[in-house]
Amino acid sequence: MRILIYLLVVAAVFAQKEVTLISDLNDYKKISDREFSISWEIPVYTDGNNHFGHFSSDDYQRNLSDLISNKNHTVLTIVFEKSSKEISSWSASGSDAIRFRRSFPLYWAGLIPVNQSYDFVKSLIKDKYDKEDIYGLLVAHDKHEETLAYFKDELKSANSNRLREKLIFWTGNIGSEKAVDFLIELFNNENYFNLREKMIFALHISNVDKAYQYIKKLVVSEDSPYDVRSKALFWYGQSEQTSLADIVKLMKELESDEMKEKCIFAISQKNNDESAKYLYDFAVSDEPLQLREKAVFWLANSQKNSLDYLKKLYIRTTDNRLQEKLIFAFHQNGSDEAIDFMVKLLKSDITPTRVKKKIIFWLGQSKSEKAMGAISGLLD
């Protein structure tokens with residue numbers, strides 16, 4: 001049987017076809033439909049902040065709001081297709097609709113005790129359904145210690161890195177101190193970078209402060225390999241706990257220009273006026289040109305309303321190489337205002353010849369009518 005499993009944590013779910021009541025989750029074995037789904041409710045409360053999944057679809061939506069006894073409970077849905085034992089999964093939480101790729105019969109099992117539901121999900125693994133995508137269903141039950149113990153046993157017997165990666169990911173989603181301790185222990189005893197990378201991500205998604213502090217420790221550790229520090233810095237920068245000031249402070253502590261470049265990217269990801277102002281100030285500072293060029297690049301590519309900063313930056317800088325980077329940034333911006341500024345520079349007597357050549361080149365690459373008009377004017 002091919003099973004598509006969707007873990008949905010919902011407050012309300014929308015429009016549906018016929019619903020048939022079943023008295024037991026194991027009744028799915030008696031259903032003769034070629035493709036069908038079963039759904040049930042468990043008394044695990046959700047705050048709507050947990051999102052897991054591989055795919056979603058807006059093609060068809062189910063409304064279970066009239067069946068759910070408590071809108072804040074977790075609703076689990078499993079879609080069965082009679083063809084193989086492979087499993088794909090999509091899961092979400094909150095008030096999202098249950099979205100399917102197409103319509104098929106739905107069987108409703110009602111409110112199921114947590115332990116009974118948990119045992120049923122584990123039984124699917126015993127029945128040789130693809131366990132990799134059942135792990136998320138186990139996490140949804142909030143049985144943290146039992147699920148962690150189960151994942152530990154699974155890791156001991158895992159016969160592929162793919163399976164290990166899945167287990168590491170879902171261990172991070174448990175979101176407990178003990179799960180974080182286990183991930184740190186795994187990390188310290190693992191030499192294979194791809195798995196260590198997955199562990200750093202798992203620590204990040206745990207949303208546990210101890211994990212956050214450990215990731216920061218990896219960033220500043222000179223004993224850690226560059227690849228590890230780089231990946232740790234990426235997720236450190238992505239954390240909601242990390243402020244712009246935190247990244248700026250960290251960058252001052254780092255000696256490697258490569259790591260500083262990663263910090264500049266992390267700053268750009270904050271994508272607000274404060275980060276744009278910092279990138280502008282950095283670009284006109286006395287920092288090495290290579291780093292200043294990175295600041296220009298990310299100012300242009302990730303910041304809203306960056307054009308004013310880019311124009312001011314061009315006026316302030318006298319470095320031809322940096323000016324050329326800015327011309328490319330204006331081209332990428334592509335707005336009429338950016339094109340007008342490029343044309344203005346082209347007509348200016350003080351614009352260096354090498355910069356004018358870059359302007360002509362990038363105007364020629366633009367599909368903007370204004371840019372094409374400017375090029376035509378040069379030919380007349």
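Derivation of every value follows stated rules applied to the coordinates shown; laboratory data play no part. Everything quoted here is computed from the prediction, not taken from an experiment. Here the Cβ is made from the backbone with ideal geometry for all residues, glycine too, and neighbour counts use every protein chain on show.
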Using 1/(1 + (r/R0)^6) with R0 = 51 angstrom and r between the beta carbons of residue 152 and residue 18, what's the FRET efficiency to the nearest 0.05?
0.75
Tell me whether the range 318-380 comes out rounded, prolate or oblate; compute the Cα gyration tensor, take square roots of the eigenvalues as a ≥ b ≥ c, and use a/c under 1.5 as the rounded threshold.
oblate
Could you go through the range 217-231 in sequence order and give the Karplus-derived ³J(HN,Hα) for each residue, using 6.51 cos²θ - 1.76 cosθ + 1.60 with θ = phi - 60°, rounded to whole Hz, and x for Gly and Pro?
4, 5, 4, 8, 6, 6, 7, 7, x, 4, 4, 5, 4, 4, 5
When the Kirkwood hydrodynamic radius is evaluated over all pairs of different C-alpha atoms of the range 260-380, what value in angstrom, to one decimal, is obtained?
14.6 Å
1/(1 + (r/R0)^6) with r = Cβ-Cβ of residue 71 and residue 253, R0 = 41 Å, i.e. FRET efficiency to nearest 0.05, evaluates to 0.30
Would you mind classifying the range 169-224 by shape? Square roots of the alpha carbon gyration tensor eigenvalues, ordered a ≥ b ≥ c; an a/c under 1.5 is rounded, otherwise it is prolate if a/b is larger than b/c and oblate if not.
oblate
Would you calculate the separation in nanometres between label points at residue 335 and residue 315, each defined as 7 Å from the Cα along the Cα-to-beta-carbon direction?
1.6 nm
Could you pull out every residue, at least 5 positions away or on a different chain, whose amide H is within less than 5 Å of the one on residue 111? Hs are placed 1.01 Å off N in the peptide plane, and Pro or chain starts have none.
41
Please identify which residues in the range 209-232 have an amide N closer than 12 Å to a label point set 7 Å out from the Cα of residue 239, following the Cα→Cβ vector.
209-220, 232
Based on the Cβ-Cβ distance of residue 365 and residue 162, what FRET efficiency does E = 1/(1 + (r/R0)^6) give at R0 = 56 Å, to the nearest 0.05?
0.85
Quote to one decimal, in nm, the extra length available between residue 273 and residue 192 on full extension: 0.36 nm per residue of separation minus the C-alpha distance between them.
25.2 nm
Here the Kirkwood hydrodynamic radius of the range 198-314, Cα-based and in Å, equals 14.5 Å
Can you work out the Karplus-derived ³J(HN,Hα) for every residue in the range 34-41? Use 6.51 cos²θ - 1.76 cosθ + 1.60 with θ = phi - 60°, whole Hz, and x for glycine or proline.
5, 9, 7, 10, 10, 10, 7, 10
State whether the range 276-331 is rounded, prolate or oblate according to the following rule on the C-alpha gyration tensor (a ≥ b ≥ c being the square roots of its eigenvalues): a/c under 1.5 gives rounded; otherwise a/b larger than b/c gives prolate, and the remaining case gives oblate.
rounded
